[in-house]
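J.: One structure follows; several queries about it will come next.
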Amino acid sequence: MRVIAKRTLKNFWTQPLYRDSEQPLRAWYSEAKSFKWSKTQDIKDKYINASFLANNRVIFNIHGNKYRLIVAVDYPREAIFIKFIGTHKEYDSINANDVSMN
């Protein structure tokens, strides 16, 4: 899968408060790049704690659920779009169906 965009993840983990997210985000990125997800079940099989929303959005728990990562998966184009990365508290204050990092 192509992850659009790693820069968003890097911008997050380079912030002083979130440096502990670097290794877990790098691990997620590496895994996501190496898999070909053709349906939600492919993600469920690998990430049992992932949550699924409408419009192919997926929520991943990062670093023991300290951080939340929301992505939109375009299965036919084999692309993953980063929509949100933040703390669990920040996640609680957003609408996961509409949020975007643009």
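The values are calculated or read from the model by the stated rules, or taken from the named source; none is laboratory data. Predicted, not measured: the structure shown is a model, and the values here were computed from it. Protein only, heavy atoms only, side chains kept; ligands, DNA and RNA dropped before computing areas. Shrake-Rupley method; radii C 1.70, N 1.55, O 1.52, S 1.80 Å.
J.: If amide H atoms are built 1.01 Å from N in the plane of the peptide, which residues on other chains or at least 5 residues away come under 5 Å of the amide H of residue 2?
T.: Hits under the 5 Å cutoff: 79, 80.
J.: On full extension of the chain, what length is gained from residue 42 through residue 94, given 0.36 nm per residue of separation minus the C-alpha to C-alpha distance?
T.: On the way: separation 52, 0.36 × 52 = 18.72 nm, distance 2.66 nm.
Once the chain is fully extended between residue 42 and residue 94, it gains 16.1 nm.
J.: Using Cα pairs under 8 angstrom and six or more residues apart, how large is the relative contact order of the stretch 1-95, in percent?
T.: Relative contact order here is 28 percent.
J.: How high is the relative contact order of the stretch 53-102, given as a whole-number percent (alpha carbon pairs under 8 Å, six or more residues apart)?
T.: Averaging sequence separation for qualifying contacts and normalising by length gives 30 percent for the stretch 53-102.
J.: While we're here: If you fit an axis through the alpha-carbon atoms of helix 22-34 and take the longest principal axis of the Cα set of the chain, what angle between them do you get, 0 to 90°, nearest 10?
T.: The two axes meet at around 10 degrees.
J.: A further question on this structure: Quick check on my link table: of 33/89; 36/89; 6/36, which ones sit more than 24 Å apart, alpha carbon to alpha carbon?
T.: Over 24 Å Cα-Cα: 33/89; 36/89.
J.: Quick one: how many Å² of residue 63 are accessible to a 1.4 Å probe, rounded to 10?
T.: The accessible area comes out at roughly 80 Å².
J.: Considering the values (i) 47, 17, 10; (ii) 39, 11, 10; (iii) 20, 15, 13, which represents semi-axes √(5λ) of the Cα gyration tensor in Å as calculated for the structure under consideration?
T.: (iii)
J.: Right, something else. What part of the accessible area of the chain, given as a whole %, is carbon or sulfur when the probe is 1.4 angstrom?
T.: Result for the chain: 47 percent of the exposed heavy-atom area is carbon or sulfur.
J.: To the nearest 10 square angstrom, how much accessible area does residue 4 have with a 1.4 angstrom probe?
T.: 70
J.: Shifting gears a bit: Given the whole protein assembly as supplied and a 1.4 Å probe, what does the accessible area of residue 38 come to in Å², nearest 10?
T.: 70
J.: Still on this model: Using a 1.4 Å probe and counting only protein heavy atoms, arrange 33, 6 so the residue with the most accessible area comes first. Walk me through the intermediate numbers first.
T.: On the way: 33 110, 6 80 Å².
Correct descending sequence by accessible area is 33, 6.
J.: Enter the accessible area per residue of the stretch 5-53 (Å², integer; probe 1.4 Å; all protein chains in place).
T.: 65
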